[in-house]
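Structure, as structure tokens:
The values are calculated or read from the model by the stated rules, or taken from the named source; none is laboratory data. This structure is a prediction, so every number in the text was calculated from the model and none was measured. Neighbour counts are summed over all protein chains in view; Cβ atoms, including those assigned to glycine, are modelled from backbone coordinates with ideal geometry. Surface areas here come from the heavy atoms of the whole protein model, side chains and all, with no ligands, DNA or RNA. Shrake-Rupley method; radii C 1.70, N 1.55, O 1.52, S 1.80 Å.
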Amino acid sequence: SLPPGVTLPVNRVVTTVNGSEAEVSGAEISFSHNLVALPGALSGLFVEGNLTLATSEATISSRPGETFPFPQQADVTGNLSLGWENDTFSARASLTHTGERLQGVGDVARPFEDRYRAAYTQVDVNLRWNINETFQLYADGINLNDARETRFYTGPDYGNFYERVQDFG
């Protein structure tokens, strides 16, 4: 029987299926260094970054005998920031990369509906000015390189786009 409020015809039914088992392994390296040994104003320079390399494998009961990457787990993620700051002013430019990620898996009859997010890299800039102890003025430039997140299906028509978005949420 249909749930209350649902009438025929039903055009689409979405079911969430938990995985049978999964394994994620990897390593992360990060660094942060203030270049205080540099002379004069250059002593405010800093560099920061991190890199995560991971591998994952998951199984689900609706597609027995197949393995998949763990959903939303990229094999490579990282960022690099270069900036300058003192007690009054701060400026930072950041490069962020996220590798390809599995979004969802089609059922056994429609494996070509496996959905992925393609890898993307974006550039952000952030400026801060401490006007006094009470007020701060800031500006954030997000995704200055206009990177577009691309989502696609796999299977016999691999690479068919189903959505291009700019919101990285």
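Things worth noting here:
- Every residue from the stretch 25-52 that is open to solvent by 80 Å² or more (accessible area, probe 1.4 Å) and small (Gly, Ala, Ser): 30, 32, 37
- Residue match in the stretch 20-39 (condition: under 24 Å from residue 148 (Cβ atoms), in a strand (DSSP E or B) and out of contact with any Lys or Arg (no Cβ under 8 Å at 6 or more places or on another chain)): no
- Whenever a residue of the stretch 62-78 is within 17 Å of residue 97 (Cα to Cα), its partners that are charged (D, E, K, R) and open to solvent by less than 80 Å² (accessible area, probe 1.4 Å), lying with C-beta atoms within less than 8 angstrom and at least six residues away or across chains, give the pairs 72/101; 73/101; 74/101.
- Filter pass, residue 6 being loosely packed, with under 14 Cβ neighbours inside 10 Å and part of a strand (DSSP E or B): no
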